[in-house]
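This report concerns only the one structure given below.
The values are calculated or read from the model by the stated rules, or taken from the named source; none is laboratory data. Computed from a prediction, not measured in an experiment: that's the story for all the values here. Glycine also receives a Cβ, built like all others from the backbone with ideal geometry; neighbour counts cover every protein chain displayed. Side chains are part of the model used for accessible areas, which takes the heavy atoms of the whole protein and leaves out ligands, DNA and RNA. Shrake-Rupley method; radii C 1.70, N 1.55, O 1.52, S 1.80 Å.
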Amino acid sequence: VTLIDQQVPQGLPGWSPGQLRVLGWLCLASVVVTLVAMVAVFFSGGEESSLAGRISDWMGTLASLLGCYLLLRFKAFLEQRFAAGGLTAPTYLIILTSLTSEALHWIWGDALFASFDWRSLLYFAVLVLMGAGTVWLGVVLLRVKEPYPVVRVVAWLELVGGIMAASVILLVLSFIPLLAGTVATALVFFRGAAELAGREAA
């Protein structure tokens with residue numbers, strides 16, 4: 001009991017159980033938004049000018065922006081709770097490539113997939129970099145010392161999803177482990193909230 005108690009911080013300045021719970025629910029909300037965007041793509045039939053196409057575009061962008069914010073908060077929490085290092089570079093690589101891919105999609109739209117030219121090549125190169133950044137993040141997360149068990153789950157899901165995304169061939173299927181990773185990230189925040197609430201009650 002003493003050893004376990006020593007591993008739990010007396011407090012996390014700047015964090016509260018309520019804040020961590022909100023972050024957990026935002027992770028789950030981002031999963032829902034992403035799924036809505038994917039369903040809208042199916043019903044749009046590839047027509048971005050249709051209502052379903054516009055919903056897909058806006059939901060996809062919202063999910064991307066929310067994902068970037070949650071990744072930053074996840075990084076900050078792990079750094080403070082577990083003294084995790086090495087998260088900065090892969091985190092910002094993922095954010096940069098995610099925002100770049102969204103910008104390219106809004107600028108060129110269907111032209112990215114109409115024919116294979118320098119625009120589509122640039123777009124897929126950005127996606128490969130994003131996948132590589134996700135793999136990098138997964139590797140770094142595996143090196144975090146004595147984390148919650150669910151952090152390891154996040155690490156492996158990011159690693160698998162990143163490899164699939166970087167391959168381009170399996171890009172479409174990479175959403176499965178990556179969405180599962182977002183759900184696992186929510187569990188990290190909920191675990192942190194419960195831990196912090198327990199310490200405050202004691």
Quiz item: How big is the Cα convex hull of the chain in projection, averaged over all directions, in nm²?
Solution: 11.5
Quiz item: Listed highest first by mean packing, meaning other Cβ atoms within 10 Å per residue, what order do 178-186, 83-91 come in?
Solution: 178-186, 83-91
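Can you give the calculated 222 nm mean residue ellipticity of the chain, where each DSSP H run of n ≥ 4 adds -39,500 (n - 2.57) and the sum is split over every residue, rounded to the nearest 500 deg cm²/dmol? Write out the running numbers ahead of the final one.
On the way: 8 runs with 161 residues, N = 202.
Helix-only estimate at 222 nm: -27500 deg cm²/dmol.
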Quiz prompt | Estimated vicinal HN-Hα couplings, Hz - the stretch 102-108 in sequence order (Karplus 6.51, -1.76, 1.60; Gly, Pro = x) | solution = 5, 5, 4, 5, 6, 6, 10
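Can you put I176, I169 in order of accessible area, largest first, using a 1.4 Å probe? Could the numbers behind the result be given before it?
Details: I176 95, I169 150 Å².
Ranked from most to least accessible, the order is I169, I176.
Considering only protein heavy atoms, with the full assembly of protein chains and a 1.4 angstrom probe, order Y69, Y148 by accessible area, largest first.
On the way: Y69 105, Y148 5 Å².
Result of the area sort, largest leading: Y69, Y148.
Stokes-Einstein at 37 °C, 0.692 mPa s, Kirkwood radius from Cα pairs: D for the stretch 87-137 in µm² s⁻¹? Each step should come with its number before you reach the end.
Working: Rh = 11.2 Å.
D = 293 µm²/s.
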Practice problem: Tabulate in residue order the Karplus-calculated ³J(HN,Hα) for the stretch 14-26, using 6.51 cos²θ - 1.76 cosθ + 1.60 with θ = phi - 60°, rounded to whole Hz; enter x for Gly and Pro. | Solution: x, 10, 9, x, x, 5, 5, 5, 4, 4, x, 5, 5
Quiz item: Considering amide H positions built from the backbone, and no H for Pro or chain starts, which residues 5 or more places from L170, or on another chain, come under 5 Å of its amide H?
Solution: none
Practice problem: For helix 51-82, report the angle its Cα long axis makes with the longest principal axis of the Cα atoms of the chain; keep it between 0 and 90° and round to the nearest 10°. | Solution: 30
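Where Lys and Arg each count +1 and Asp and Glu each count -1, what net charge lies around P147 among other residues with Cβ under 14 Å from its Cβ? Don't jump to the answer; show the numbers that get you there.
Values: positive: K75, R81, R143, K145, R152, R191; negative: E79, E146, E158, E195.
With Lys, Arg at +1 and Asp, Glu at -1, the neighbours total +2.
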Quiz item: Which of the trypsin sites (Lys or Arg not before Pro) found in the stretch 78-165 are in a DSSP loop and have at most 15 neighbouring Cβ atoms, other than their own, within 10 Å?
Solution: R143, K145
Quiz item: Tell me, what is the 1.4 Å probe accessible area of L35, in Å² to the nearest 10?
Solution: 80
Self-check item: Cα-only Debye scattering, the stretch 102-166: base-10 log of I(q)/I(0) at q = 0.21 Å⁻¹
Solution: -0.78
